[in-house]
Amino acid sequence: MPRLSSKDKYIREILNLYKEKGLRLNMEQIADELHITKKTLYNNFENKEDMITTVVDHFFFDLERKILTSVEESENAIDSLIKIVEIIRFEIDKLGPSLIDDISKESINMFDHSNRSSFYSKVIKDNLSRGISEGLYRHNVDPEYSTIFYTSAIELFYKKGHTQRFIRNSSKYHSELVKHHLYSIIRADKIDILESYLK
């Protein structure tokens with residue numbers, strides 16, 4: 001395993017701090033928590049905004065890597081999408097409600113940060129194409145519109161002041177959304193296959 005740079009080490013430690021205490025910590029408090037000088041922190045990050053962006057980027061790049069690995073290892077399109085959703089649920093839940101709320105308040109769109117929505121749109125669109133070619137999804141599904149429906153529902157949940165006001169259980173939300181999506185695109189004669197994965 002390659003050795004972590006000092007900056008990578010700080011990014012991981014800061015992410016853990018944010019999970020525990022949210023984004024309210026200032027640079028001095030973070031330096032104290034990491035047992036380093038504020039100067040060392042500024043040698044690695046321009047300011048607090050740069051630090052937040054870098055840490056959030058790190059989280060999403062890691063999440064994307066896990067998603068791509070799971071796609072490669074999946075049995076079929078249904079298995080792939082269910083695994084993708086499980087990874088997203090698990091990783092987002094690990095952030096904790098405090099950090100998720102703070103990210104929302106800072107207007108960091110969790111699935112559009114740095115135009116990252118194109119990654120999630122591509123994953124969903126590729127899944128639709130795969131499912132159609134495997135004969136699992138209806139041949140008349142429109143991948144473009146189905147992708148927009150699905151990704152819009154995800155983005156809406158994490159946008160400031162939207163669905164989270166009413167639904168606090170993100171795991172349940174993701175679970176119900178993927179089931180709704182899969183039942184809307186599955187071929188009628190393949191429902192038994194889908195239900196075997198949803199048990």
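The values are calculated or read from the model by the stated rules, or taken from the named source; none is laboratory data. No experiment lies behind these values; they were computed from the predicted model shown. In this analysis, Cβ positions are derived from the backbone assuming ideal geometry, glycine residues included, and neighbour counts consider all displayed protein chains. Keep in mind that these areas ignore ligands, DNA and RNA; they rest on the heavy atoms of the full protein, side chains included. Shrake-Rupley method; radii C 1.70, N 1.55, O 1.52, S 1.80 Å.
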Does LEU68 satisfy the condition of being outside any loop (DSSP other than H, G, I, E, B) and crowded, with 18+ Cβ neighbours inside 10 Å?
no
Given the criteria of a type in the set (Val, Ile, Thr), modelled with pLDDT of 95 or more and surrounded by fewer than 16 Cβ atoms within 10 Å (Cβ to Cβ), does ILE167 qualify?
no
Just to be sure I understand the filter: pairs with C-beta atoms under 7 Å, separated by 6 or more residues or on different chains, first member in the stretch 88-101 and open to solvent by less than 50 Å² (accessible area, probe 1.4 Å), second member among the aromatic types (Phe, Trp, Tyr). Which pairs pass?
LEU99/TYR18
Enumerate the pairs (first residue in the stretch 3-29 and in a helix (DSSP H, G or I); second residue anywhere and open to solvent by 20 Å² or more (accessible area, probe 1.4 Å) and of a type outside the set (D, E, K, R)) with beta-carbon separation below 6 Å, excluding pairs fewer than 6 apart on the same chain, so at least 6 apart or on different chains.
LYS7/ASN44; TYR10/ASN44; ILE11/HIS58; GLU13/LEU34; GLY22/SER98
Check whether at least one residue in the stretch 118-130 is at pLDDT below 90, out of contact with any Asp or Glu (no Cβ under 7 Å at 6 or more places or on another chain), on the phi < 0 side of the Ramachandran plot and not in a helix (DSSP H, G or I), and report yes or no.
no
